[in-house]
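Participant: Mind looking over this structure? Questions follow.
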Amino acid sequence: MSAFFSRQTIGLCFLLGFGALACGSEMPESGAEGTDEVTSSNAALHRASRRSVNDVLLVHGAWADGSCWSAVIQGLQHHGFSVRAVQLREQSVADDAAIVRHEIEAIGRPLVVAGHSYGGFVSSEATAGASNVVALVFVAAFAPDAGETLYELTSTYPTTPAIANLMVDDQLNTVIEPQAFVRYFAPDIPTHDARVLAAVQHPTAFGILSEAAGEPGWRTIPSYYQISLEDQVIDPRLQRMFADRMDAHTIELRASHVSLISRPKQVTGLIERAASAR
């Protein structure tokens, strides 16, 4: 990667949607919180017969790839879901939304789309008018309305600690300073895992901050939202505003920004709830 400018020169970077990065493959606890763990394939088939859809599309955030969903993927597959995770380029919202929309059309069947962080912005953009998307799930995610930008949304709150440590290179791509990543981005996972995630950050274009949102999918699609109460990347108050504005079915977790890694059981459960809604 090219040499970075001083982090102090980019205090205006604020949030790019920062997904959790490539994560471990440890098997999560099965099912939603408060439910029994699946112990047989027959139980999984029984659950599948009761839910509305069987397909789930997962959208990662910035500085990430689809493997950030590994633990959630395992849980969903264990329960009989067909799961895909996209790989975004992270150079523009429009380009990333086109990738997600292509996957939605390729699946064809009714499905749930879940997005983490910046992936929520992309998911909402991609699902507007998509007739086969039955629910959206936002995991500590952005959900802008038409015309809003990430810069405008985040500038109403103090700069979060992770974002105060953004670095931008000479190609106008950004990452979080590695030590700050461990301390603020992923503090509720083992330090050795967080250090690996910091090392594999996918550079994300600075210009994403100023891209205005189109008509959002959450305006017409039933939505679910998981708020991370200990998030030091996206202010939890901003997350709550998104959830309230879309009238989402909402859960709150005492988790960092990477709740899909640190609390996969609860995130999986919320996605399953969206898939089972009648």
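Participant: Scan region 168-187 residue by residue and report those that are touching a Lys or Arg at 6+ places or on another chain (Cβ under 9 Å) and aromatic (Phe, Trp, Tyr).
Facilitator: Selection gives Phe181 alone.
Participant: Considering region 158-167 alone, what residues qualify as being surrounded by fewer than 21 Cβ atoms within 10 Å (Cβ to Cβ) and either out of contact with any Lys or Arg (no Cβ under 9 Å at 6 or more places or on another chain) or under 22 Å from Ala94 (Cα atoms) (or both)?
Facilitator: Listed by number, the residues that qualify are Pro158, Thr159.
Participant: Among the residues of region 179-202, are any hydroxyl-bearing (Ser, Thr, Tyr) and under 29 Å from Val112 (Cβ atoms)?
Facilitator: Within region 179-202, none of the residues are hydroxyl-bearing (Ser, Thr, Tyr) and under 29 Å from Val112 (Cβ atoms).
Participant: Okay, next question. Quick check, is Pro222 touching a strand residue (DSSP E or B) at 6+ places or on another chain (Cβ under 6 Å) and not aromatic (Phe, Trp, Tyr)?
Facilitator: yes
Participant: Identify, please: which residue in region 107-138 is touching a Pro at 6+ places or on another chain (Cβ under 9 Å) and among the hydrophobic types (A, V, I, L, M, F, W, C) and is, among those, surrounded by the most Cβ atoms within 10 Å (Cβ to Cβ)?
Facilitator: Phe121
Participant: Separate question: Could you say whether any residue in region 212-225 is of a type in the set (Gly, Ala, Ser), touching a Leu at 6+ places or on another chain (Cβ under 8 Å), closer than 17 Å to Ala71 by Cα and in contact (Cβ under 8 Å) with a residue 40 or more places away in the chain?
Facilitator: no
Participant: Quick check on region 142-152: of everything there that is assigned to a helix (DSSP H, G or I) and more than 17 Å from the chain's Cα centre (by Cα), which residue is nearest to Arg183 (Cα to Cα)? Even if it seems obvious, please write down each step before you answer.
Facilitator: Here is the first cut: in region 142-152, the residues assigned to a helix (DSSP H, G or I) are 150-152.
Restricting the remaining residues to those that are more than 17 Å from the chain's Cα centre (by Cα) gives 151-152.
On the way: Tyr151: 23, Glu152: 26 Å.
Within region 142-152, the match that is nearest to Arg183 (Cα to Cα) is Tyr151.
Participant: Given the criterion of a type outside the set (D, E, K, R) and free of Cβ contacts under 8 Å to residues at least 12 places away in the same chain, identify the matching residue among Thr191, Thr174, Thr204.
Facilitator: Of Thr191, Thr174, Thr204, the one residue that is of a type outside the set (D, E, K, R) and free of Cβ contacts under 8 Å to residues at least 12 places away in the same chain is Thr191.
Participant: Residues to consider are Arg109, Arg89, Arg84; find the one that is in contact with a helix residue (DSSP H, G or I) (Cβ under 9 Å, 6 or more places away or on another chain) and either in contact (Cβ under 8 Å) with a residue 12 or more places away in the chain or in a helix (DSSP H, G or I) (or both).
Facilitator: Working: Arg109 fails: in contact with a helix residue (DSSP H, G or I) (Cβ under 9 Å, 6 or more places away or on another chain); Arg89 fails: either in contact (Cβ under 8 Å) with a residue 12 or more places away in the chain or in a helix (DSSP H, G or I) (or both).
Selected residue: Arg84, the only one of Arg109, Arg89, Arg84 that is in contact with a helix residue (DSSP H, G or I) (Cβ under 9 Å, 6 or more places away or on another chain) and either in contact (Cβ under 8 Å) with a residue 12 or more places away in the chain or in a helix (DSSP H, G or I) (or both).
Participant: Under the condition of being in a helix (DSSP H, G or I) and of a type in the set (A, V, I, L, M), which residue from region 112-128 is farthest from Thr268 (Cα to Cα)? Step through it out loud before you land on a result.
Facilitator: Initially, region 112-128 is screened for residues in a helix (DSSP H, G or I), giving 118-127.
From what is left, the residues that are of a type in the set (A, V, I, L, M) are 122, 126.
Working: Val122: 20, Ala126: 22 Å.
Top of the filtered list is Ala126.
Participant: If you don't mind, another one. For region 233-278, enumerate the residues that are small (Gly, Ala, Ser) and either touching a His at 6+ places or on another chain (Cβ under 6 Å) or surrounded by fewer than 17 Cβ atoms within 10 Å (Cβ to Cβ) (or both). Even if it seems obvious, please write down each step before you answer.
Facilitator: Step one: of region 233-278, the residues small (Gly, Ala, Ser) are 243, 248, 255-256, 259, 262, 269, 274-277.
Scanning region 233-278 gives Ser276, Ala277.
Participant: When you check Ser155 against the structure, is it in contact (Cβ under 8 Å) with a residue 12 or more places away in the chain, over 22 Å from Ala64 (Cβ atoms) and out of contact with any Lys or Arg (no Cβ under 9 Å at 6 or more places or on another chain), yes or no? Explain how you work it out, then say what you get.
Facilitator: Details: in contact (Cβ under 8 Å) with a residue 12 or more places away in the chain: yes; over 22 Å from Ala64 (Cβ atoms): yes; out of contact with any Lys or Arg (no Cβ under 9 Å at 6 or more places or on another chain): yes.
Yes: the conditions hold for Ser155.
Participant: Any idea how many residues of region 140-199 are under 15 Å from Trp63 (Cα atoms) and among the β-branched types (Val, Ile, Thr)?
Facilitator: Here the count works out to 7.
Participant: So which pairs qualify, if the first residue must be in region 234-246 and within 24 Å of Ala128 (Cα to Cα), the second must be outside any loop (DSSP other than H, G, I, E, B), the Cβ gap must be under 6 Å, and the two must be at least 6 apart or on different chains?
Facilitator: That search, which allows pairs on different chains as well, returns Gln239/Ile227; Arg240/Ile227; Ala243/Tyr225; Ala243/Thr250; Met246/Trp218; Met246/Ser223.
A short reminder: the numbers here are calculations on the coordinates, not readings from a lab. The structure displayed is predicted, hence computed values, not measured ones. Note that each Cβ is placed from the backbone with ideal geometry, even for glycine, and that neighbours are counted across all protein chains shown.
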